[in-house]
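Colleague: A single structure is presented below for examination.
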Amino acid sequence: MYNAAQLSSDAAGYGSVAYLAKGASQIRFGGTPNWGTAVSPDLPLLSAELAQTFLHDLYAAVWTTRSLTLYRFFGTDSRGTASLLGAFWTPARPSLRVDQLGYESMHDTSRGNLSLKREWNPMKNVVEANLASGAHIYVGRVAPQSELGTRLGGGAIQFFLPKRDHRLHLKRSYD
């Protein structure tokens, strides 16, 4: 079972952890138990709806301390629309799609790992971007979802970038 210690380890690889939270409650501050420390206005707790996108509602507020390469699936079809510059990203490189090896659908495990329902995101394209050091992000593992009787297991690392001015530099887009 995924817990706060595992989350702390995951998040520390991306920058300075300000706090860990479960849902709308802060559970640790700066890697130590929370002894009444306040949540910074620059790093507010997430809404319950956003927290539920993370496994067991566990997430970390992080200031990046280095440049990070991120990926995002996007596209439009009759079932869903996902924009190029949405708020959810992953550091997991979708190699089969990016390397254009011709292996999509059953060979590409990204939909299941990221729990992306088709109604949300058709995953027709991938964008690669760099996120600058000093950005404010939320880090955690993706919560599972169900779609038409199929379980999308989740478990991949996801980033929630709360601001549109989140220091992204787009590198390339893949069809």
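The values are calculated or read from the model by the stated rules, or taken from the named source; none is laboratory data. Owing to the predicted nature of the structure, the values given are computational and were not obtained by experimental measurement. All Cβ positions, glycine included, derive from the backbone under ideal geometry; neighbour counts span all protein chains shown. For the accessible areas, the whole protein counts, side chains as well, though only heavy atoms, and no ligand, DNA or RNA atoms are used. Shrake-Rupley method; radii C 1.70, N 1.55, O 1.52, S 1.80 Å.
Colleague: Sorted by average packing, counted as other Cβ atoms within 10 angstrom per residue and highest first, what order do 52-62, 151-161 take?
Modeller: Numbers: 52-62: 22.3, 151-161: 18.5.
The packing order, highest mean first, is 52-62, 151-161.
Colleague: Now, a different point. Of Trp63, Trp89, Trp120, which has the most accessible area with a 1.4 Å probe, and how do the rest follow in descending order?
Modeller: Details: Trp63 90, Trp89 5, Trp120 110 Å².
Putting Trp63, Trp89, Trp120 in descending order of accessible area: Trp120, Trp63, Trp89.
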